[in-house]
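The values are calculated or read from the model by the stated rules, or taken from the named source; none is laboratory data. The structure displayed is predicted, hence computed values, not measured ones. With ideal geometry, Cβ positions are generated from the backbone for all residues, glycine too; neighbour counts draw on all protein chains shown. To get the accessible areas, we keep the full protein, side chains included, count just its heavy atoms, and leave off ligands, DNA and RNA. Shrake-Rupley method; radii C 1.70, N 1.55, O 1.52, S 1.80 Å.
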Amino acid sequence: MLKNSYSRFRVISFIEGLSYLLLVFVAMPIKYIGENPYPVKVVGMGHGVLFILFCIILFEAMKKCKWDKGLVFQYFVYSLLPFGFIIIENSLKKQTQDN
């Protein structure tokens, strides 16, 4: 499943997106409503590591799949949105169907 850079990118994009949702919609409310900062420290650290991994694998996929810089920038911007990983996945599926 993770034998090529394209499939690695799809998996890390999905996992990083879920960690972002967990951070924004679970850990942050616990911090500010429940007055407990610990979940943000744990989930935030995990999300940070996954985001760095996302950026590295995005760059690798750009080189191996010969994506143009505009598409890579677009995927990077989508990764900054809470539900951006869904947009990325839909774009990747559309690319696969076109080829």
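Sparsely packed loop sites in region 66-96 (the trypsin sites (Lys or Arg not before Pro) outside DSSP H, G, I, E and B with at most 15 other Cβ atoms within 10 Å) comprise K66. Model label sites at E89 and K64, defined 7 Å from Cα along the beta-carbon direction, differ in position by 2.0 nm. Across region 6-13, coupling constants 3J(HN,Hα) worked out from phi with the 6.51/-1.76/1.60 Karplus curve, θ = phi - 60°, read 4, 5, 4, 5, 4, 5, 5, 4 Hz, and Gly and Pro carry x. Think of the chain as having a plus end and a minus end, set by charges on the Cβ of Lys, Arg, Asp and Glu; of S91, V24, P39, S91 sits farthest toward the positive end of this dipole. Sites listed here are GluC sites (Glu not before Pro) in the chain whose DSSP assignment is loop and whose Cβ has at most 12 other Cβ atoms within 10 Å: E35. Bridgeable lysines around K93 (alpha carbons under 22 Å apart, same-chain partners fewer than 8 residues away excluded): K3, K63, K64, K66, K69. If r is the Cβ-Cβ distance from V77 to V42 and R0 is 22 Å, what FRET efficiency results, to the nearest 0.05? Here the calculated transfer efficiency is 0.25. Each part reduced to its alpha carbon centroid, region 80-99 and region 28-48 end up 28 Å apart.
Computed from point charges on the beta carbon alone (+1 for Lys and Arg, -1 for Asp and Glu), the dipole magnitude for the chain about its Cα centre is near 320 Debye.
Note that region 45-57 has calculated 3J(HN,Hα) couplings of 5, x, 5, x, 5, 5, 5, 5, 4, 4, 5, 5, 6 Hz, one per residue in order, obtained from phi through the Karplus relation 6.51 cos²θ - 1.76 cosθ + 1.60 (θ = phi - 60°); glycine and proline are x. Note on K94: aspartates and glutamates with a C-alpha under 19 Å away, same-chain residues under 8 apart excluded, are D68. Shown for the chain: the carbon plus sulfur share of the solvent-accessible area, taken with all protein chains present and a 1.4 angstrom probe, equals 69%.
Residues considered: L18, L53, L71. Largest GNM mean-square fluctuation over the chain, using C-alpha springs under 10 Å, is found at L71.
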